[in-house]
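Student: Shown below is the structure under consideration.
A short reminder: the numbers here are calculations on the coordinates, not readings from a lab. A quick note: this is a predicted structure, and the numbers were derived from the prediction, not measured. Using ideal geometry, Cβ is built from the backbone for each residue, glycine included, and neighbour counts are taken over all protein chains shown.
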Amino acid sequence: MKFVLPIILVAATLVLMALAIFGVGQSAGTVGIATGSAVPGLGSKADTSEQALGSFLTDIRRRNWDRAYSALSKTSSVDEPSFIQEWTGSNGSLRTFSTLETYEARPLHATSDDAQMRVRMRWTTPVGPVEDVRDLNLKHEGDVWKVVWPKFTAPTVPAQVIPVNYLRWDLVNGGADDGWGSRNVDAPRVRIISMNAVDSSEGAVVMGEVVNEDTIPAFVNVNATLVDGAGKAIDDESSFDKIAHVLLPKQVSAYRIDFPNIGLKNVKNVRMDVKATLVPASADPVIGVMDQKVDPDAQGKSVLRGQLLNESGQTVNIPHVIASFYDNNGRVIWVSDGYVDRALLPQTSEPFAVEIPKTLASKVQNFHVVVNQYSLGKS
Amino acid sequence: MQPKNLSDHSVLDKSVLAPAAQPASVLDDSVSADAVLKDSVLKEDFALKGRGFKPRRKYRKIDRGLSRCGRILAATRMQPWLLVWVLGANLGQVCAAQDIHAPTSVPAGEDTHFTTTGSDKATFYLVGPGVSSKSDVELAQGVRIPAQSVRNAGNYLAILCSDTCRSATFYVTPAQPATLTLRVHPSRVPVGQNDAVSGVALPFDQFHNLVIAPYEVNFQLTSGNSSVMSRAVRTLSGIAWFRTSSGKNTGSQQLNASLNALTTRRAVQQVASDPCNLRIKGQRTSKGIMVETEPVRDCSGNPVPDGTIVTFTASSENTKSSVDAPIKRGIARAQMEAPGATTISAASGVVMGNDLRIGAQP
């Protein structure tokens with residue numbers, strides 16, 4: 001009698017292990033982290049395109065590069081270092097700080113020889129979760145399915161000298177023994193030139209544009225407080241990263257302030273507060289935003305896409321795009337932002353895309369994009 | 001239980017505070033006191049005696065004291081006026097034992113001497129803004145307050161204690177102005193703005209007390225060697241201020257504020273205002289369209305400072321390109337990619353420039 005319970009426990013454990021090794025990998029689900037083989041070397045053959053893709057992405061998530069590379073089709077014209085670099089990033093880009101957390105694959109079409117799958121990958125990054133959607137092709141080679149990986153060409157920059165003689169503003173702080181009133185370098189003058197409050201599916205949103213009216217750079221933050229009919233503050237939030245914080249003289253940036261789970265029906269007034277401080281800054285690098293256009297993406301969503309062109313000689317590690325959208329009255333009706341996960345090397349360009357809410361896409365008449373940039377070694 | 005005729009609130013309060021009544025047998029002198037206390041609340045108390053009410057202890061003492069005074073006067077045959085004179089003399093002696101005489105005001109940071117009366121030793125306390133001290137003094141010599149004890153302007157309290165304590169208050173006034181603090185706002189001002197520059201001067205003495213007394217402060221705004229503005233302003237409650245318009249030309253201006261021999265200097269940077277009449281020109285090159293502004297100036301003709309952002313936007317049929325280009329040596333330039341017919345516009349802040357139409361690439 002005393003051996004019954006241990007025997008049951010051991011049997012249950014073995015059954016569960018068997019299910020984990022063989023059962024899950026063969027299930028039809030291709031969502032998230034539970035797919036793929038639990039024990040390396042014990043995975044089953046990729047009899048279906050879903051299994052092959054699930055196994056491939058699980059290896060990617062585990063950074064098992066050799067196994068992932070071996071799952072590529074012979075027709076893939078990519079070498080292993082380039083393949084790894086594409087997943088791990090380079091030059092201090094956002095991808096180098098990111099980890100694939102979950103994925104979700106859906107078949108687009110499939111025949112007995114090839115298949116196309118749409119993969120929605122969710123990355124954890126220092127700037128929050130980032131979603132990446134890719135369409136991958138798979139081929140039936142022999143008795144297994146393999147992933148066809150397109151050739152990745154990392155941008156290369158030829159050796160060159162790029163003279164940079166743009167203005168730079170340095171900040172000299174006075175000594176502690178300065179007399180009162182002698183250190184009167186005023187904060188930069190900045191002004192909110194437009195503001196619009198709307199209800200969205202996730203709560204109230206306050207957005208608009210702010211301009212640096214001064215002749216010196218400014219570090220800008222916009223705060224908003226929602227006030228009810230009794231004059232009581234409901235909530236206050238800041239623009240956080242939905243703004244280009246460092247504004248050069250006469251530069252305009254869009255801002256967006258989100259109030260999750262708050263409806264505008266209870267809001268009587270919105271108090272705006274813009275704070276600006278003097279910061280050292282440089283007019284370099286200059287980033288052009290080329291070929292901007294609004295069109296539907298592969299999922300049918302309206303996106304503003306374009307190319308970021310680094311016109312300077314400095315690598316921009318993490319480009320950040322902030323786009324403001326206007327209606328036919330010139331009013332800001334939405335502000336979107338997005339990070340580019342590849343570094344922007346000197347004199348090269350990288351694509352970007354930011355989403356427009358479906359309900360607003362038809363109202364968008366114009367847009368304006370500003371590029372915020374984070375470079376390693378610079379605060 | 002309280003008697004009904006003690007319903008008056010004040011009497012009730014007293015009865016609550018009164019100690020327990022003594023037995024009726026000790027109230028021997030109450031009859032004579034009754035005549036003195038007629039028409040008073042106390043009389044009511046005494047009048048209740050016959051109905052079982054017991055007078056309070058303090059009333060009995062008054063009663064007894066008056067009775068004894070009457071007996072003494074009768075025994076010594078002393079006239080009442082003589083008794084009053086003796087008591088007054090004794091009281092005057094007690095009062096003249098110690099006292100302190102302080103001036104109403106004392107300049108900050110100066111030695112001060114207070115006269116005292118009396119001949120004994122006493123303890124002197126000084127309490128003021130940021131100061132509290134205790135010292136032993138000889139009443140015959142007066143009280144000397146060292147300069148470092150009265151550096152801070154404000155109200156002070158001097159207390160002299162021997163058998164009893166006497167006090168006096170005095171005010172420490174700020175000394176002569178030793179520094180002149182000048183605040184100028186803003187440190188940068190666009191040209192051509194009305195009432196855009198303001199300055200505030202505050203005189204302080206050597207102990208950092210704000211000098212309240214009125215003084216005349218001369219403000220002078222100079223640009224290079226020429227005087228832009230000169231104004232004499234009298235301080236009011238320790239503050240003198242002015243407001244003036246900014247000039248027409250960019251550059252640094254000096255603001256001098258002087259009070260007697262004191263002079264303080266600040267700089268005000270006059271900067272260009274918003275760009276005015278922003279115009280662009282451009283041409284196709286092998287790489288696209290090179291577009292640049294004409295020298296960017298404000299409406300007064302001052303060049304807009306380098307680093308100011310000019311946003312170029314190239315709009316073609318389907319796409320749009322934009323570049324935020326900083327002004328360099330007075331001109332902002334950008335390279336735009338637009339193979340088709342393109343309209344290029346420029347803006348700096350909220351100021352728009354002209355539109356430039358460039359045909360498609362041949």
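Student: So, R0 is 35 Å and r is the distance between the beta-carbons of B:Asn155 and B:Glu216; what FRET efficiency does that work out to, to 0.05?
Tutor: Details: r = 28 Å, r/R0 = 0.80.
Computed FRET efficiency for B:Asn155 and B:Glu216: 0.80.
Student: Here's something else I'd like to know. Just to check, using Stokes-Einstein with a Kirkwood Rh over alpha carbon pairs, what's the diffusion coefficient of the range A:287-374 at 25 °C and 0.890 mPa s in µm²/s?
Tutor: Values: Rh = 13.3 Å.
The diffusion coefficient I find is 185 µm²/s.
Student: How far, in nm, would the chain grow between B:Trp241 and B:Ser167 when pulled straight, counting 0.36 nm per residue and subtracting the alpha carbon separation? All intermediate terms of the calculation are to be shown ahead of the outcome.
Tutor: Details: separation 74, 0.36 × 74 = 26.64 nm, distance 4.05 nm.
Gain on extension, B:Trp241 to B:Ser167, equals 22.6 nm.
Student: Here's another thing I want to ask about it. Return the average number of partner chain Cβ atoms within 10 angstrom of each residue Cβ along peptide A:280-291.
Tutor: Numbers: counts 0, 1, 2, 9, 1, 0, 8, 2, 12, 6, 11, 7.
The per-residue average across the peptide is 5.
Student: Another question about this same structure. Below 12 angstrom from the Cβ of B:Val296, what's the summed charge of the other residues (Lys, Arg +1; Asp, Glu -1)?
Tutor: My count for the surroundings of B:Val296 gives +1.
Student: At a Förster distance of 60 Å, what's the computed FRET efficiency of A:Asp66 paired with B:Lys328, Cβ-Cβ distance as r, to 0.05? Write down the numbers at each step before the final one.
Tutor: Numbers: r = 51 Å, r/R0 = 0.85.
E(calc), rounded to 0.05, equals 0.75.
Student: Charges only on Cβ, +1 for Lys and Arg, -1 for Asp and Glu: so what's the dipole of the range B:276-358 about the Cα centre, in debye to the nearest 20?
Tutor: Magnitude of the dipole: close to 220 debye.
Student: Cut-off 13 Å, label point 7 angstrom out along Cα-to-Cβ of B:His113: give me the residues of the range B:132-163 whose amide nitrogen falls inside.
Tutor: B:140-146
Student: While we're looking at this one, here's another question. What's the local net charge at B:Gly330, with K and R +1, D and E -1, over the other residues with C-beta under 15 Å away?
Tutor: Numbers: positive: A:Lys250, B:Arg279, B:Lys281, B:Arg297, B:Lys328, B:Arg329, B:Arg333; negative: B:Glu292, B:Glu294, B:Asp298, B:Asp306.
Residues close to B:Gly330 contribute a combined charge of +3.
Student: Taking R0 as 41 Å, what FRET efficiency do you get between B:Val127 and B:Arg265 from their Cβ-Cβ distance, rounded to the nearest 0.05? Present the calculation step by step, with values, prior to reporting the outcome.
Tutor: Values: r = 40 Å, r/R0 = 0.98.
The pair B:Val127/B:Arg265 has a calculated efficiency of 0.55.
Student: Treat each spin label as a single point 7 Å out from the Cα along the C-beta direction, and report the B:His185 to A:Lys358 distance in nm.
Tutor: For the pair B:His185/A:Lys358, the computed spacing is 5.2 nm.
Student: Which whole number gives the average count of other chain Cβ atoms within 10 Å of the Cβ atoms across peptide B:299-308? Spell out each step's value before the answer.
Tutor: On the way: counts 0, 0, 0, 0, 0, 3, 6, 5, 14, 9.
Going residue by residue through B:299-308 and averaging, the value is 4.
Student: Something else: Using the structure shown, select from A:Lys250/A:Lys363; A:Lys232/A:Lys265; A:Lys250/B:Lys328; A:Lys250/B:Lys248; A:Lys293/A:Lys358 the pairs with a Cα to Cα distance greater than 18 angstrom.
Tutor: A:Lys250/A:Lys363; A:Lys250/B:Lys248
Student: Could you state the angle between the C-alpha long axis of helix A:4-18 and the longest principal axis of the C-alpha atoms of chain A, as a value from 0 to 90 degrees rounded to the nearest 10?
Tutor: Its long axis makes an angle of about 70 degrees.
Student: Could you work out how far the C-alpha centroid of the range B:299-362 sits from that of the range B:205-281, in angstrom?
Tutor: Using only Cα atoms to place each centre, the spacing works out to 39 Å.
Student: Which trypsin sites (Lys or Arg not before Pro) from the range B:264-362 combine a DSSP loop assignment with at most 11 other Cβ atoms within 10 Å? Walk me through the numbers before you get to the answer.
Tutor: On the way: sites: B:Arg265, B:Arg266, B:Arg279, B:Lys281, B:Arg284, B:Lys287, B:Arg297, B:Lys320, B:Lys328, B:Arg329, B:Arg333, B:Arg357; in loops: B:Arg279, B:Lys287, B:Arg329.
Here the trypsin sites (Lys or Arg not before Pro) that fit, given the DSSP loop and packing criteria, are B:Lys287, B:Arg329.
Student: For the range B:99-173, build the charge dipole from Cβ charges (+1 Lys, Arg; -1 Asp, Glu) around the Cα centre, then report which of B:Gly154, B:Leu126, B:Thr116 sits farthest towards its positive end.
Tutor: Positive-end residue among those listed: B:Gly154.
Student: Using mean Cβ contacts within 10 Å as the protection proxy, how do A:265-271, A:135-141, A:283-289 order, highest first? Please report the intermediate quantities before stating the final value.
Tutor: Working: A:265-271: 13.3, A:135-141: 17.9, A:283-289: 22.0.
Most protected by this proxy first, the peptides run A:283-289, A:135-141, A:265-271.
Student: What share of the DSSP beta bridges in the range B:276-358 is antiparallel, in percent to the nearest 5?
Tutor: Details: 30 of 30 bridges.
Around 100 percent of the beta bridges assigned by DSSP in the range B:276-358 are antiparallel ones.
Student: Take the Cα of B:Thr285, step 7 Å along the line toward its Cβ, and report every residue of the range B:300-322 whose backbone nitrogen sits under 17 Å from that point.
Tutor: B:312-314, B:322
Student: Counting only other chains, and only Cβ atoms inside 10 Å, what mean value do you get across the residues of B:182-188? Don't skip to the end; give the middle numbers.
Tutor: On the way: counts 5, 4, 3, 3, 6, 5, 7.
Partner Cβ neighbours, averaged per residue: 5.
Student: Using the count of nearby Cβ atoms within 10 Å as a rough guide to exposure, how do A:Met207, A:Met117, B:Met290 rank from fewest to most? Intermediate values should be presented prior to the final figure.
Tutor: Values: A:Met207 26, A:Met117 23, B:Met290 15.
The order, fewest Cβ neighbours first, is B:Met290, A:Met117, A:Met207.
Student: For A:Phe352, A:Phe240, B:Phe242, which order do you get if you count the other beta carbons within 10 Å of each Cβ and list the fewest first?
Tutor: Working: A:Phe352 25, A:Phe240 14, B:Phe242 19.
Fewest to most other Cβ atoms nearby, the residues stand as A:Phe240, B:Phe242, A:Phe352.
Student: Go ahead and collect, in residue order, the members of the range A:324-339 whose backbone nitrogen is under 20 Å from a label point 7 Å along the Cα-Cβ direction of A:Lys293.
Tutor: It comes to A:324-326, nothing else.
Student: Multiply the residue separation of A:Leu16 and A:Val172 by 0.36 nm, subtract the distance between their alpha-carbon atoms, and state the gained length in nm to one decimal.
Tutor: Contour length minus Cα-Cα distance gives 49.5 nm.
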